[in-house]
Amino acid sequence: MTIRVLLADDQEMVRTGFKMILEATDPDIEVVGEAATGREAVDLARELRPDVCLFDIRMPEMDGIEATRELAGPEVADPLAIVVITTFDLDEYVHSALKAGARGFLLKDAGAALLEQAVHAAANGDALIAPSITGRLLESFAEAPSEGADRVQPISPLTEREEEVLLTVARGRTNSEIADELHISVSTVKTHLAALMMKLGLRNRVELAMWAYETSRV
C-alpha cells in the first residue's frame, strides 16, 4: 500500500533531498506534493489529503506549527497525520508542535532510516519523536505535575489493562511492541487505544502520552 506524502519546506534543496531519500529508501512511499510556504502547505494538504505531511517549522506566510494546528488541531474534525521536522532543537518547538496535533517530531539530521520510520509510524497512527529529544521531553512533562489538575478526567475509570497500554504508549512503544510486551494481539491493542481515546476525549497516541505524563501516570 502506497503512503502518499506532502513535503513543506521553504528550501527547494531540502524538499528535493527529502523526496529523493524517501522514494529511494522505500518504494511504497510517494511524494505527491511540495509546498514552499505554510499557507501553500495547508491548501495543498486539504486538496490532496496525503497520508502523511512533513512540515518544516520556519516557513513564510505561516509557520509549520500553525499549519499543523489548522490541519490536525483540536478543532479539526478529520485531522491529517503530520510530522514536524526542523533544524532547531528547541523544547518550545517540540511542545508546540505536539500540542498542535503533530504525530512526530524529527531533526533534519535524523538520517534516512529514522525519516522513513517516522513516515510509516504516522501513517499507521503511531508516533515517533527523535530519540535525542524524547528523554528531555518526557522529563519536562514529569516535572510539571501541577498541569495535571487541569487535564480532563476519564468519563469512566480506566481498566487495569487500559492503564498498562497507556503506560506503554507513554514510553513510546508502537502497537506491535505493545502487543509483544503485553502478550495480546495488535487488534486488541487498537481496541484499547480506541477506548482510551474515547474515555479521555483525546485523538491520538501523542495526546495519550502527554496526558499520562501530565497526570503523573509515568
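Read-outs: derived from the displayed coordinates by stated rules, not from any lab. Just so it is clear, the structure is predicted and the values come from calculations on it, not from any experiment. Methodologically, a virtual Cβ is constructed for each residue, glycine included, from the backbone with ideal geometry; neighbour enumeration extends over all protein chains shown.
Between Ile21 and Glu181, full extension at 0.36 nm per residue minus the direct alpha carbon distance yields a gain of 54.4 nm.
Here the mean projected area of the convex hull built on the C-alpha positions of the range 3-138 is 7.1 nm². Under 5 Å from the amide H of Ile85 lie the amide H atoms of Phe55, Asp56, Ile57, Leu106, each residue being 5 or more positions distant or on a separate chain, with H modelled from the backbone and absent for Pro and chain starts.
Loop-located chymotrypsin sites (Phe, Trp or Tyr not before Pro) in the range 64-125 (DSSP state not H, G, I, E or B) with no more than 13 neighbouring Cβ atoms inside 10 Å: Phe88.
Just checking the listed ones, Leu158, Leu71, Leu200: in the Gaussian network model of the chain with Cα springs under 10 Å, the one fluctuating most is Leu158.
Highest mobility in the GNM of the chain, judged by mean-square fluctuation with C-alpha springs under 10 Å and restricted to Met13, Met59, Met198, is found for Met13. Residues considered: Leu115, Leu193, Leu128. Largest GNM mean-square fluctuation over the chain, using C-alpha springs under 10 Å, is found at Leu193. Mind running the shape call on the range 145-214? Use the C-alpha gyration tensor, a ≥ b ≥ c as the square roots of the eigenvalues: rounded below 1.5 for a/c, prolate if a/b tops b/c, oblate otherwise. The shape class here is prolate.
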